[in-house]
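Following: one structure in structure tokens, then a few remarks.
The values are calculated or read from the model by the stated rules, or taken from the named source; none is laboratory data. Remember, predicted model here, so these are calculated numbers, not experimental data. Ideal geometry is used to build each Cβ from the backbone, glycine not excepted, and the neighbour counts take in all protein chains shown.
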Amino acid sequence: MLPSLTRARQAARNASPALKFVVMVGIMSFFADFTYEGSRSITGPYLGMLGAGAFAISVISGAGEFLGYNIRTFSGRGADRTGRYWPITIGGYILQMSVVPLLALAGNWQVAALLIIAERIGKGIRNPPRDAMLSHAARTSATGGRSACTRRSTSSVPCSARCWSP
């Protein structure tokens with residue numbers, strides 16, 4: 001076995017549970033971002049292909065962003081009040097990740113519009129409780145403030161250089 005692989009496995013075994021959690025959430029974010037960011041780049045042309053006009057496309061995009069950002073207040077408060085961070089986060093991921101493939105089955109632009117808005121709402125639901133869990137993990141891990149960079153670097157290679165440079 002390669003010495004570097006052996007060291008990496010040993011380091012993974014000795015890592016704190018908080019660091020393992022941060023890395024796991026980063027990997028999960030990578031796959032979620034990979035899926036929904038790929039679809040986000042084509043939503044305008046796709047809606048246009050289905051017959052939506054420019055005004056409808058802009059309203060749909062704006063409504064999705066508006067609802068997605070405003071629902072964060074409620075999902076964050078709900079998670080804090082109930083302590084149900086995981087179920088709310090997982091529910092948001094399920095909503096977001098289930099509607100993206102359904103876009104391929106949308107027969108008209110109205111259905112596609114609902115799915116696009118639902119995707120943004122799913123992202124708005126999942127982010128606040130996920131970030132609260134990451135914040136808690138950062139307080140309990142030795143990485144401290146670099147936990148956010150650790151999570152981001154697993155889903156964005158350019159961030160990795162920015163976060164870990166001296």
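Side notes on the structure shown:
A quick yes/no check of all residues on (1) of a type in the set (Val, Ile, Thr); (2) without any contact (Cβ under 8 Å) to a residue 24 or more places away in the chain:
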position: 86; (1), (2): no, no
position: 89; (1), (2): yes, no
position: 97; (1), (2): no, no
position: 100; (1), (2): yes, no
position: 105; (1), (2): no, yes
position: 109; (1), (2): no, no
position: 119; (1), (2): no, no
position: 132; (1), (2): no, no
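- Taking the listed residues 48, 107, the one that is outside any helix (DSSP H, G or I) and out of contact with any helix residue (DSSP H, G or I) (no Cβ under 6 Å at 6 or more places or on another chain) is 107, with no other qualifying.
- Comparison of 126, 81 shows that the only residue that is modelled with pLDDT under 95 and assigned to a helix (DSSP H, G or I) is 126.
- Which listed residue, of 58, 98, 135, is modelled with pLDDT of 95 or more and of a type in the set (Ser, Thr, Tyr): 58
- Count - residues of region 55-78 that are hydrophobic (A, V, I, L, M, F, W, C) and in contact with a Gly (Cβ under 8 Å, 6 or more places away or on another chain): 3
- Single match in 153, 165 (criterion: within 15 Å of the chain's Cα centre (by Cα) and modelled with pLDDT under 55): 153
- Close pairs (9 angstrom Cβ cut-off, 6 or more residues apart or separate chains): over 12 Å from residue 119 (Cβ atoms) in region 53-73, hydroxyl-bearing (Ser, Thr, Tyr) and in a helix (DSSP H, G or I) anywhere: 57/43
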